[in-house]
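Down below is the structure, laid out as structure tokens.
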Amino acid sequence: MTGKLVNKVAIITGASSGIGEATAIALSIEGAKVVITARRSDRLEALAQRIREKGGQVLPIVADISDEAQVQQVIEQTQAQWGTVDILINNAGVMLLGPIEGADTEDWRRMFNLNVLGLLYGIHRVLPIMKAQGSGHIINVSSVAGRVIKGGFAVYCATKWSVNVISEALRQEVYKNNIRITSIEPGLVETELTNHITNAQVKENAENYYQSMKNLSSEDIANTIIYALTQPAHVNVNEILIRPTEQGD
Ligand code: NDP
């Protein structure tokens with residue numbers, strides 16, 4: 001394999017669809033060994049097959065990232081297979097929109113447990129590995145919702161603001177260890193993200209909003225992630241906010 005990330009070991013969470021899937025392919029094309037993880041094993045296997053057919057090295061691992069023990073297993077299996085972790089892409093996330101009043105409070109737990117705690121579990125586990133090897137890059141997939149506040153988005157926004165807060169605090173904690181931190185903040189991207197909204201009216205409104213403009217593609221975000229990952233070692237790209245041209249808010 002050739003490419004700018006040859007032999008780098010990268011873990012991509014939420015790799016069974018959307019941004020994570022496109023990012024896994026993009027990293028593999030750049031020569032990285034990719035660990036792809038999510039809950040849907042059939043999707044992971046299909047993606048692994050595509051990557052192998054193109055000559056890439058891939059390790060699919062089924063895991064629920066909101067469960068700390070399962071995150072630990074992902075890191076341990078990666079180390080057992082390839083000895084280290086150079087890149088962690090914290091991408092798994094859910095967007096269960098809706099107003100606070102009348103919400104299904106289980107939606108809140110799912111969002112915080114995955115978007116915030118799941119992301120932290122991965123960071124917590126890879127930091128000792130990256131510190132020991134003297135380098136590493138952690139990419140956190142946040143959102144425009146981590147920069148703007150909207151009624152009806154309270155808890156999702158809170159999780160993505162948390163991702164940005166964690167990213168900057170983490171940068172300050174680890175820059176001396178040559179570990180780079182990047183927060184990616186996409187606007188509307190055409191993926192399965194709205195499929196999981198539990199409030200039927202909110203789901204319909206969200207789908208209509210997505211359909212009202214030309215969305216970014218998952219590949220657009222994958223390209224952005226590749227940009228951050230392939231800068232020279234002295235360049236720490238901390239934040240990228242990227243919207244569809246037609247998105248005003
Ligand atoms: P998708 O719904 O297509 O992808 C979400 C991924 O997260 C899937 O691979 C899913 O896999 C995984 N996932 C969900 N729950 C869990 C869990 N408990 N454990 C492990 N994996 C899980 O949407 P996107 O690609 O759009 O989402 C990726 C990220 O991008 C999210 O963090 C989202 O917030 C963010 N984002 C998306 C935007 C958009 O407009 N699409 C805009 C801004 C940010 P599985 O179900 O198989 O577990």
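Rule-based calculations on the coordinates, nothing more; no lab input. Note that the coordinates shown come from a computational prediction; the quantities given were computed from them, not determined experimentally. Heads up, the Cβs are rebuilt from the backbone with ideal geometry, glycines too, and the neighbour counts pull from every protein chain shown.
Using square roots of five times the C-alpha gyration tensor eigenvalues, list the equivalent-ellipsoid semi-axes of the stretch 134-202 in whole Å, biggest first.
Working: eigenvalues 167, 33, 14 Å².
Square roots of five times the eigenvalues give 29, 13, 8 Å.
Using square roots of five times the C-alpha gyration tensor eigenvalues, list the equivalent-ellipsoid semi-axes of the stretch 123-249 in whole Å, biggest first. Let's see the in-between values first.
Numbers: eigenvalues 186, 52, 28 Å².
So the equivalent ellipsoid measures 30, 16, 12 Å along its semi-axes.
Full extension from Asn205 to Gln49: what is 0.36 nm times the residue separation minus their Cα-Cα distance, to one decimal in nm?
Numbers: separation 156, 0.36 × 156 = 56.16 nm, distance 3.61 nm.
Result for the pair: 52.6 nm of gain on full extension.
Under 5 Å between amide hydrogens, which residues at least 5 positions from Leu241 or on another chain qualify, with H placed 1.01 Å from N in the peptide plane?
Glu185
Suppose every K and R has +1 on its Cβ and every D and E has -1 on its Cβ; what is the size of the dipole of the stretch 74-172 about the Cα centre, in Debye to the nearest 20?
On the way: 8 positive and 7 negative charges, 53 e Å.
Here the stretch 74-172 has a charge dipole of around 260 debye.
Cα extents of the stretch 197-248 along the three principal axes, largest first, in whole Å?
47, 23, 18
So what J values fall out for the stretch 219-236 if you push phi through Karplus, 6.51 cos²θ - 1.76 cosθ + 1.60 with θ = phi - 60°, rounded to Hz, Gly and Pro as x?
Listing the rounded values in order: 5, 4, 6, 4, 4, 5, 5, 4, 4, 4, 6, 9, 6, x, 4, 7, 9, 10 Hz.
For every other residue with a beta carbon closer than 14 angstrom to the beta carbon of Arg109, add +1 if it is Lys or Arg and -1 if Asp or Glu, then tell me the sum. Don't skip to the answer; put the middle values down first.
On the way: positive: Arg110; negative: Asp64, Asp67, Asp104, Glu106, Asp107.
It works out to a net charge of -4.
Along each of the three principal axes of the Cα atoms of the stretch 36-81, give the extent in whole Å, ordering the values from largest to smallest.
Sorted from largest, the Cα extents of the stretch 36-81 read 32, 22, 9 Å.
Can you tell me which of Pro60, Pro232, Pro128 moves the most in a GNM of the chain? Springs connect C-alpha atoms under 10 Å apart.
Sorting by GNM fluctuation, first place goes to Pro232.
Using the crude model of +1 on Lys and Arg Cβ and -1 on Asp and Glu Cβ, and no other charge, please compute the dipole size for the stretch 169-249 relative to its Cα centre, in debye to 20.
So the dipole magnitude of the stretch 169-249 works out to roughly 400 debye.
Quote the charge dipole size of the chain about the Cα centre in Debye, to the nearest 20; the model charges only the Cβ of Lys and Arg (+1) and of Asp and Glu (-1). Mind dumping the intermediate values first?
Details: 22 positive and 26 negative charges, 157 e Å.
With only Lys, Arg, Asp and Glu charged at Cβ, the dipole is about 760 debye.
Reported to two decimal places, what Rg/Rh ratio describes the chain when computed on Cα atoms with Rh from the Kirkwood expression? Intermediate values should be presented prior to the final figure.
Numbers: Rg = 17.2 Å, Rh = 18.1 Å.
On the Cα set of the chain, Rg over Rh gives 0.95.
Positive end of the dipole of the stretch 161-249, charges at C-beta (+1 Lys, Arg; -1 Asp, Glu), about the Cα centre: which of Leu188, Gln211, Asn178 has its Cα farthest in that direction?
Asn178
May I ask you to evaluate 6.51 cos²θ - 1.76 cosθ + 1.60, the Karplus curve with θ = phi - 60°, for each residue of the stretch 127-139 and list the ³J(HN,Hα) values in order in whole Hz, giving x for glycine and proline?
So the J values, rounded to whole Hz, are 4, x, 5, 5, 4, 5, 8, x, 6, x, 9, 10, 10.
Given the options Gly31, Gly102, Gly187, state which has the largest fluctuation in a GNM of the chain using a 10 Å cut-off (strictly under) for Cα springs.
Gly102
Using the Karplus curve 6.51 cos²θ - 1.76 cosθ + 1.60 with θ = phi - 60°, work out ³J(HN,Hα) for each residue of the stretch 99-106 in order, rounded to whole Hz, and write x for Gly and Pro.
x, 5, 5, x, 5, 7, 5, 5
Starting from the Cα gyration tensor of the stretch 1-88, take the square roots of the eigenvalues, sort them a ≥ b ≥ c, and report rounded, prolate or oblate (rounded when a/c is under 1.5, otherwise prolate if a/b is larger than b/c, else oblate). Display every interim value, and only then the final one.
Numbers: a/c = 1.88, a/b = 1.26, b/c = 1.49.
Oblate, because a/c is 1.5 or more while a/b does not exceed b/c.
Report, in deg cm²/dmol and to the nearest 500, the calculated mean residue ellipticity at 222 nm for the chain, where each DSSP H run with n ≥ 4 adds -39500 (n - 2.57) and the sum is divided by the residue count. Before the final figure, lay out each step's value.
Working: 8 runs with 107 residues, N = 249.
So the calculated ellipticity at 222 nm is -13500 deg cm²/dmol.
How long are the semi-axes of the ellipsoid equivalent to the stretch 117-156, from square roots of 5 times the Cα gyration tensor eigenvalues, in whole Å, largest first? Walk me through the numbers before you get to the answer.
Numbers: eigenvalues 181, 24, 5 Å².
Working from the Cα gyration tensor, I get semi-axes of 30, 11, 5 Å.
Looking only at Ile181, Ile226, Ile87, which one moves most when the chain is put into a Gaussian network model with springs between Cα atoms under 10 Å?
In the Gaussian network model the winner is Ile226.
Pull out the extension gain between Asn238 and Glu106, defined as 0.36 nm times the separation in residues minus the alpha carbon to alpha carbon distance; nm, one decimal. Intermediate results must be reported in sequence, preceding the final value.
Details: separation 132, 0.36 × 132 = 47.52 nm, distance 3.21 nm.
Taking 0.36 nm per residue and subtracting the Cα distance, the gain is 44.3 nm.
Give the residue list of GluC sites (Glu not before Pro) in the stretch 14-120 that are DSSP loop and have at most 16 other beta-carbon atoms within 10 angstrom.
Values: sites: Glu21, Glu30, Glu45, Glu53, Glu68, Glu76, Glu101, Glu106; in loops: Glu30, Glu101.
Here the GluC sites (Glu not before Pro) that fit, given the DSSP loop and packing criteria, are Glu101.
With N set to the number of residues, divide the alpha-carbon radius of gyration of the stretch 87-158 by 2.2 N^0.38 Å and report two decimals. Mind showing how you got there, number by number?
Working: Rg = 14.7 Å, N = 72, 2.2 N^0.38 = 11.2 Å.
Normalised Rg, Cα atoms only: 1.31.
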